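The values are calculated or read from the model by the stated rules, or taken from the named source; none is laboratory data. Keep in mind the model is a prediction, meaning the values are calculated, not measured. Virtual Cβ from ideal backbone geometry, glycine too; neighbours counted across all protein chains shown.
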Amino acid sequence: MASAAPSALTRKSFKKSASVRRWRPRIFFAIQPKTARKSIAAALSNEDREFAETRWSDALSVGGSSGSWGGSRVGNRLVDSRTEEIPVAPEIAFGPIRRIGGTNGWYYANWLWHVRGLIDLLVGGVGLRRGRRDPETVRPGDVIDWWRVEDFEEPKRLRLLAEMKVPGRAWLEFEVQGHPRGSIIRQTAIFDPHGLWGQLYWYLIYPLHALVFKGMIRGVARAAQRAEGGDLSKVAHRSP
């Protein structure tokens, strides 16, 4: 550890407890001591807030997917991010994202989603049985199958928090950016693993996840182009 204090002094201070146990020092210092539990909780809360505010379209290259097999590591979290560029306005590109899940499905390999939902039910999770409140509208706090809507900003962003049984915490996020030739859709899966088992879970099933993630964003792009016919002249282009 680097310090401007003399080394002899720092060596002595590191050997002594710095815990504040009496009330008198609190008169002279504005800092209120916290327990280790509260300090760790505050650090995790700050990390969650920073990730929630992250725009992956800015944090990662707009040029394409995550850099290597297994995705990218951002801090302790594992990230798989993919993009598709389509010739439709953001309002149209965001439509399939707004309607995702429930009876509309997930745009690729819906049978795999149902198998995963069944497995989740067998281990005590919520599965896919909850569906969604409304097939067209979304608001923060809504349930979409085994996800909960954490953030929704039309036609720019949808972030979902997983409530299924996994060894960690997981999010699925969609962003849409205006582009001179239409829109760029970014789909980002984020996983915060719990220990070694969480790490193994991510990497062992990554080949299946990669297949599903790739198919899902392409399915979203195809659905948007079918809705618009790929003709930008029918809608007013609006940049985010």
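Which residue, of V88, V138, V115, V149, is crowded, with 18+ Cβ neighbours inside 10 Å and more than 19 Å from W171 (Cα to Cα)?
V88
Among what's in the range 168-195 and is of a type outside the set (S, T, N, Q) and over 20 Å from G71 (Cα atoms), pick the residue that is surrounded by the most Cβ atoms within 10 Å (Cβ to Cβ).
Looking at the filtered set, the residue picked out is V176.
Test of understanding: among Y201, Y206, which residue is more than 19 Å from I92 (Cβ to Cβ) and free of Cβ contacts under 8 Å to residues at least 60 places away in the same chain?
Y201
Do we find that R98 is surrounded by fewer than 21 Cβ atoms within 10 Å (Cβ to Cβ), out of contact with any Lys or Arg (no Cβ under 8 Å at 6 or more places or on another chain) and modelled with pLDDT of 95 or more in this structure?
Spelling it out, R98 is indeed surrounded by fewer than 21 Cβ atoms within 10 Å (Cβ to Cβ), out of contact with any Lys or Arg (no Cβ under 8 Å at 6 or more places or on another chain) and modelled with pLDDT of 95 or more.
Based on what the data block shows, is L118 in a helix (DSSP H, G or I) and among the hydrophobic types (A, V, I, L, M, F, W, C)?
Against the criterion (in a helix (DSSP H, G or I) and among the hydrophobic types (A, V, I, L, M, F, W, C)), L118 qualifies.
What is the number of the single condition among (1) surrounded by 15 or more Cβ atoms within 10 Å (Cβ to Cβ); (2) touching a Lys or Arg at 6+ places or on another chain (Cβ under 7 Å) that M164 does not meet?
Against the list (1) surrounded by 15 or more Cβ atoms within 10 Å (Cβ to Cβ); (2) touching a Lys or Arg at 6+ places or on another chain (Cβ under 7 Å), M164 comes up short only on (2).
Checking I119 against (1) among the β-branched types (V, I, T); (2) in contact (Cβ under 8 Å) with a residue 40 or more places away in the chain; (3) closer than 21 Å to D192 by Cβ, which test does it fail?
(2)
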